[in-house]
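Values quoted throughout were computed directly from the atomic coordinates according to the rules given, and no laboratory measurement underlies them. What you are looking at is a predicted structure, and each value in this text was computed from that prediction instead of being measured. Please note: Cβ atoms are built from the backbone with ideal geometry, for glycine as well, and neighbour counts cover all protein chains shown.
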Amino acid sequence: MEREKVVIKGSYITLSQLLKAVDVISTGGEAKWFLMENDVFLNGEREMRRGKKLYPGDIVEVADQGYEVVDEDR
């Protein structure tokens with residue numbers, strides 16, 4: 001599976017921020033409901049916490065699409 005790179009400026013991004021950044025959800029408030037109704041995987045394990053911190057190197061999979069969190073310096 002090809003992974004889209006998501007560049008972050010700080011040391012981490014939350015799962016809800018990532019979902020919003022890649023246009024899976026339109027507002028941060030939708031994250032809770034989206035995560036309850038859809039399978040989202042973080043590094044191969046089901047993740048349901050919208051505030052989960054994601055760091056460079058983490059892989060998120062949503063509906064057959066993969067995203068890799070990368071540092072802005074890469």
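Remarks
- Within region 21-74, being assigned to a helix (DSSP H, G or I) and either exposed (fewer than 13 other Cβ atoms within 10 Å of the Cβ) or out of contact with any helix residue (DSSP H, G or I) (no Cβ under 6 Å at 6 or more places or on another chain) (or both) holds for ALA21, GLY29, GLU30, LYS32, TRP33, PHE34, LEU35, MET36, GLU37.
- Every residue from region 30-63 that is charged (D, E, K, R) and closer than 15 Å to ILE13 by Cα: GLU47, ARG49, ARG50, LYS52, LYS53, ASP58
- Which numbered condition ARG3 fails, given (1) under 13 Å from VAL62 (Cβ atoms); (2) of a type outside the set (S, T, N, Q); (3) free of Cβ contacts under 8 Å to residues at least 60 places away in the same chain: (3)
- Scanning region 23-64 for residues that are of a type in the set (S, T, N, Q) and in contact with an Asp or Glu (Cβ under 7 Å, 6 or more places away or on another chain) yields one hit, ASN43.
- The selection criterion, being out of contact with any Phe, Trp or Tyr (no Cβ under 7 Å at 6 or more places or on another chain), assigned to a strand (DSSP E or B) and either surrounded by fewer than 15 Cβ atoms within 10 Å (Cβ to Cβ) or among the basic types (Lys, Arg) (or both), does not hold for GLY10.
- Selection of region 6-20 for residues being over 12 Å from VAL62 (Cβ atoms) and in contact with a strand residue (DSSP E or B) (Cβ under 8 Å, 6 or more places away or on another chain) yields VAL7, ILE8, TYR12, ILE13, THR14.
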